[in-house]
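Here the structure is laid out as structure tokens; the discussion comes afterwards.
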């Protein structure tokens, strides 16, 4: 029965990574919650320290996933197309499973840019910049989730 919490931790980390790579669930929240729950169950100082480090990595990744893409894109994309893209992405997620999120986001950003700029030629580079920012944000989130998951899993195996 002692192995069950470790197995549940591993499953939660795996689901968190998959959920971050394929936007199905909040992966970092799942990994952070699993790390904290495992630390509370284990009640060992090294595991608690590892869980704290994992949570700090996730919080740092959370901050970076918004700061870095916003800086890279600069003033190329307004906030409105990203908001409309996010809303259509959310609707698309339920209309067309798995790929609807991405398609809805692209369509929302592109249509909003076309409406604002009144030109397809000007909307394409702005849409490309928004997609670059979204992809970079997703990669940062995924990297933080993998590192945090690795930290807590290593602590669970070692201790």
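Annotations
- As a summary of the residue check, residue 39 satisfies the conditions (1) touching a helix residue (DSSP H, G or I) at 6+ places or on another chain (Cβ under 6 Å); (2) closer than 21 Å to residue 138 by Cα except for the one numbered (2).
- Sole residue being more than 30 Å from residue 12 (Cβ to Cβ) and at pLDDT 85 or above, chosen from 136, 107: 107
- Residue within segment 131-145 that is loosely packed, with under 15 Cβ neighbours inside 10 Å and either touching a strand residue (DSSP E or B) at 6+ places or on another chain (Cβ under 6 Å) or not in a helix (DSSP H, G or I) (or both) present: no
- Residue within segment 62-81 that is within 14 Å of the chain's Cα centre (by Cα), buried (at least 20 other Cβ atoms within 10 Å of the Cβ) and at pLDDT below 90 present: yes
- Some residue of segment 33-46 being crowded, with 16+ Cβ neighbours inside 10 Å, within 14 Å of residue 150 (Cβ to Cβ), modelled with pLDDT of 95 or more and more than 18 Å from the chain's Cα centre (by Cα): yes
The values are calculated or read from the model by the stated rules, or taken from the named source; none is laboratory data. A quick note: this is a predicted structure, and the numbers were derived from the prediction, not measured. Virtual Cβ from ideal backbone geometry, glycine too; neighbours counted across all protein chains shown.
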